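Since the structure comes first, as C-alpha cells, the remarks are kept for the end.
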Amino acid sequence: MDVLKFLFGGDIRPFEQSGRLTPEASELMQEVVKQEEQLLSQLDENTAETLRTYQAGKDEVNYLVTLKHFKDAFILGARMIE
C-alpha cells in the first residue's frame, strides 16, 4: 500500500478521521459543554464575552500547536521511509 500516493490523491483524509471521539472523550466533551453553559449563565455579558474571547484565543493556540506537531510527525515519517 502506497500511503503517500493515497494521501496525495485524496483517498486518505486525516482530518475526517481525527474528528471521531472515543466514547470516553465524547462523554467528557458533553460534560465540559454542560459546565461551560452553566458558567456562562452565571456571568454578566461583559465577563462572558471576555471568557469567550479567552476561549477562542486558547483554541487558536491549541490548533497551531497541533498543526506544528502534525507537520513535525509527517516530516519525521517521511525521513524514516527514505
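Inspect all residues belonging to region 5-17 and state whether any of them is modelled with pLDDT of 90 or more and of a type in the set (D, E, K, R).
For region 5-17, residues modelled with pLDDT of 90 or more and of a type in the set (D, E, K, R): absent.
Anything in region 34-48 that is surrounded by 12 or more Cβ atoms within 10 Å (Cβ to Cβ) and among the charged types (D, E, K, R)? List them, or say none.
Glu36
Pairs, please: C-beta under 7 Å, at least 6 apart or cross-chain, first residue of a type outside the set (Ser, Thr, Tyr) and in region 52-81, second modelled with pLDDT under 90?
Correct list of pairs: empty, since none qualify.
Against the definition (modelled with pLDDT under 70, part of a helix (DSSP H, G or I) and either within 16 Å of the chain's Cα centre (by Cα) or surrounded by fewer than 10 Cβ atoms within 10 Å (Cβ to Cβ) (or both)), how does Glu24 come out, yes or no?
So Glu24 fails the test.
The values are calculated or read from the model by the stated rules, or taken from the named source; none is laboratory data. Fair warning: this is a prediction, and the values are worked out from it, not measured in the lab. Note that we place each Cβ from the backbone using ideal geometry, even for glycine, and neighbour counts take in every protein chain shown.
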